[in-house]
1. Given H placed 1.01 Å from N in the peptide plane, which residues other than close sequence neighbours of Thr81 have an amide H under 5 Å from its amide H?
2. How many angstrom separate the Cα center of the range 98-120 from the Cα center of the range 289-307?
3. Report the label-to-label distance for Leu315 and Asp82 in nanometres (one decimal), using points 7 Å from each Cα along the Cα→Cβ vector.
4. Please go through the residue pairs Lys83/Lys257; Lys83/Lys272; Lys257/Lys318; Lys83/Lys227; Lys227/Lys257 and name each one whose alpha carbons sit more than 28 Å apart in this structure.
5. What distance in nm separates the two pseudo spin-label positions at Arg75 and Glu94, each 7 Å out from Cα along the beta-carbon direction?
6. On the protein heavy atoms, probe 1.4 angstrom, tell me the percent of accessible surface of the range 96-138 carried by carbon and sulfur.
7. Can you give the three extents of the C-alpha atoms in the range 196-244 along their principal axes, from longest to shortest, in whole Å?
8. Could the peptides 10-16, 316-322 be put in order, highest first, of the mean number of other beta-carbon atoms found within 10 Å of their residues?
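The values are calculated or read from the model by the stated rules, or taken from the named source; none is laboratory data. Here the structure is a predicted model, which means the values were calculated and not measured. Cβ placement follows ideal geometry from the backbone for every residue including glycine, while neighbour counts extend to all protein chains displayed. Areas reflect the complete protein model, heavy atoms only, side chains present, ligands, DNA and RNA absent. Shrake-Rupley method; radii C 1.70, N 1.55, O 1.52, S 1.80 Å.
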Amino acid sequence: MPFAFRAPVRIQPYFGYRNRERLFITVRALRSRKSEFGKRGKWRALRTMMAQFASHEVKDLPVELEVQSPGGETRRHQAITDKEGFVHFDIRLEGEWDYEEHPQWETVTLHWNNGEGAQCIDGHVLAPGTATGLAVISDIDDTIIETGITGNFRAVMRNWRRVLMEMPEERILVPGADVFYNALGGNEGLPEGKGHTGEHQYASRRPFFYVSSSPWNLFSYLVAYMKGRGLPLGPISLRDWGLNRQTFASSSHGAHKRAAIEAIVATYPEMKFALIGDDSQGDLTAFSDIAVANPARIRAVFIRKVGETMSPEELIAKAALEAADIPLWLGEGYSEGHEFLASIGLLEDDEATKIVDSVGKGEAEAMT
């Protein structure tokens, strides 16, 4: 869109995460204005959503990442944006970078020059706490938000009105997702507002990570949706969409999610994970591969059923999970979780017991 080329250069930071040795955060340089997703008429909504996809990326832009250690030492790390406007910071942390008791959002600062002078913006990095050894990795599409926002090209075209004309508050929440997710992690500590490098804000009780086949262009939209629905926030791994066969091939969805989840699991070797997804984009197959390869690390796999008969690949994945004795929950609604979890013997683990109790609470509240 023509106005994008005249907009000032800004940096869009995406949620990052760290362990005690490395910090990861992705940012993107764009010629676009900050997105606002409040109530508006259909044509203003269309213009807002079109702007998400028509933003102009800025390559070869110097960007500095400013971080502060728990001991108060500040360092700056320099990088240059690639041809799509991205910088994927992967920083080796020097000194002691331990965790607080509960998960925290740690503030970092991005610096750049947009031709009108020096600019800066806050970014947020998730640091897990020491109080829990269980984290959650969740899909987004058809897991917490009803389908239409992503998927293959035909699915997007069938749902063009939903994709291009509905604001986050108008999107349909998967029934029971808010109760279930808040029981697992809560929603306190939403990172927002202007802070200073090194400041902390509380995150959810357990670390949450999200993976999706949506394009990075929809990051702000998805964050607005999660905030509006009171869902726990966490780093979101999205994709760079190109107009090619690879982007829209069904196999690429599972490959992207598998790679993103494997990276998160490898970052936290001391933690165990619960994987939550649905059966519309190969989640069961991808989750099974990861779980079977890491049987001591994956405490449970949750799959919301939205499709019809399981494919041969999904039946093989299900059998592999059963053979590895990794609990699998399959159901059409989160309120059914207690019955399923109890039937597969997940009550024996302390952390799993908390999950079962959470699902049971969600079931009771859903019926009141």
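1. For Thr81, whose amide H was placed from the backbone, the distant partners under 5 Å are Asp60, Leu61, Val63.
2. One Cα centre to the other: 34 Å.
3. With each label point 7 Å from Cα toward Cβ, the separation is 4.0 nm.
4. Violating the 28 Å Cα-Cα cut-off are Lys83/Lys272; Lys83/Lys227.
5. 0.5 nm
6. The value for the range 96-138 is 42 percent carbon and sulfur by accessible area.
7. Extents along the principal axes, in whole Å: 41, 27, 17.
8. Working: 10-16: 21.6, 316-322: 16.9.
Packing order, densest peptide first, comes out as 10-16, 316-322.
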